[in-house]
Amino acid sequence: MAEEGEKKPVLEMVQADGADDGCVTFVMHNEDHTLGNALRYMIMKNPDVEFCGYTITHPSESKINFRIQTRGGIPAVEPLQNGLNELHEVCQHVLNTFQARVNEFKEAQEKPME
């Protein structure tokens with residue numbers, strides 16, 4: 001447990017004794033359904049993932065337990081990293097598209113009306 005003044009880790013990896021690397025629970029601190037559901041969707045698109053789900057332990061706690069189980073001996077960390085990268089790319093695309101439309105709108109507003 002983190003002492004007073006120490007930073008808590010943002011991500012913890014919890015693994016049952018004797019379990020392989022393909023079945024892991026990740027504890028993500030300071031996160032909620034916003035990241036949990038989007039990341040679960042991105043990870044489940046991977047055909048090597050057998051199970052992916054998350055729970056929020058309690059509404060007053062801002063952490064999620066994110067479980068990944070893979071096929072074929074693939075470590076669960078790989079689909080997590082890939083899912084985070086793909087989600088980042090999607091979010092960046094949405095942000096770029098939105099910013100482009102805002103700029104187009106502002107340019108249209110600056111043109112004199114005929």
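Restricting to Cα pairs below 8 Å that are 6+ residues apart, what does the relative contact order work out to for the range 52-114? Please round to a whole percent. Could you put the intermediate results ahead of the total?
Values: 25 pairs, mean separation 10.6, N = 63.
Relative contact order, the range 52-114: 17 percent.
Using a Gaussian network for the chain with springs between C-alpha atoms less than 10 Å apart, which of these wobbles most: Met42, Met13, Met28?
Evaluated over the chain, the most mobile residue of the options is Met13.
Could you work out the relative contact order of the chain, using alpha carbon pairs under 8 angstrom and six or more residues apart, expressed as a whole percent? Spell out each step's value before the answer.
On the way: 142 pairs, mean separation 26.6, N = 114.
It comes to 23 percent, rounded to a whole number.
Quick one: if you stick a label point 7 Å off each Cα along the C-beta vector at Asn103 and Asp20, how many nm between them?
4.9
Using the basic label-point model (7 angstrom from Cα toward the beta carbon), what is the Glu50 to Leu87 distance in nanometres?
For Glu50 paired with Leu87, the spin-label model returns 2.3 nm.
Accessible area per residue for the chain in Å², computed with a 1.4 Å probe and the full protein assembly in place, what is it? Don't jump to the answer; show the numbers that get you there.
Values: 8510 Å² over 114 residues.
Averaged over the residues of the chain, the accessible area is 75 Å².
So how tilted is helix 33-44 from the main axis of the chain? Cα-based, degrees 0 to 90, rounded to 10.
With rounding to tens, the tilt is 70 degrees.
Would you kindly state how much longer the chain becomes between Thr34 and Glu61 on full extension, computed as 0.36 nm times their sequence separation minus their alpha carbon distance, in nm to one decimal?
Using 0.36 nm per residue and subtracting the Cα-Cα distance, I get 8.3 nm.
Please get the size of the charge dipole for the range 51-114, origin at its Cα centre, with Cβ charges of +1 on Lys and Arg and -1 on Asp and Glu, quoted in debye to the nearest 20. Let's see the in-between values first.
Working: 6 positive and 8 negative charges, 71 e Å.
Here the range 51-114 has a charge dipole of around 340 debye.
Return the equivalent ellipsoid semi-axes of the range 43-100 as a descending list in whole Å, where each equals the square root of 5 times an eigenvalue of the C-alpha gyration tensor.
Values: eigenvalues 119, 77, 12 Å².
Equivalent-ellipsoid dimensions as semi-axes: 24, 20, 8 Å.
Angle check, please: helix 77-110 long axis (alpha carbons) against the longest principal axis of the chain (alpha carbons), in degrees 0 to 90, nearest 10.
Its long axis makes an angle of about 10 degrees.
Kirkwood hydrodynamic radius (Cα pairs, Å) of the chain? Before the final figure, lay out each step's value.
Values: mean 1/r = 0.0604 Å⁻¹.
Computed over Cα pairs of the chain, the Kirkwood hydrodynamic radius comes out at 16.6 Å.
About the Cα centre of the chain, what is the dipole size in debye to 20, counting +1 per Lys and Arg Cβ and -1 per Asp and Glu Cβ, all else neutral? Intermediate values should be presented prior to the final figure.
Numbers: 10 positive and 19 negative charges, 63 e Å.
The dipole of the chain has a size of about 300 debye.
Determine the share of the range 51-113's accessible area contributed by carbon and sulfur atoms, expressed in whole percent, with a 1.4 angstrom probe. Write out the running numbers ahead of the final one.
On the way: 2610 of 4650 Å².
Of the solvent-accessible surface of the range 51-113, carbon and sulfur hold 56 percent.
The values are calculated or read from the model by the stated rules, or taken from the named source; none is laboratory data. It should be emphasised that the depicted structure is a prediction, and the values quoted were computed from it without experimental measurement. Because the Cβ atoms are built from the backbone with ideal geometry, glycine has one as well, and the counts that use them run over all protein chains shown. In case anyone asks, the SASA skips ligands and DNA or RNA and just uses the protein heavy atoms, side chains included. Shrake-Rupley method; radii C 1.70, N 1.55, O 1.52, S 1.80 Å.
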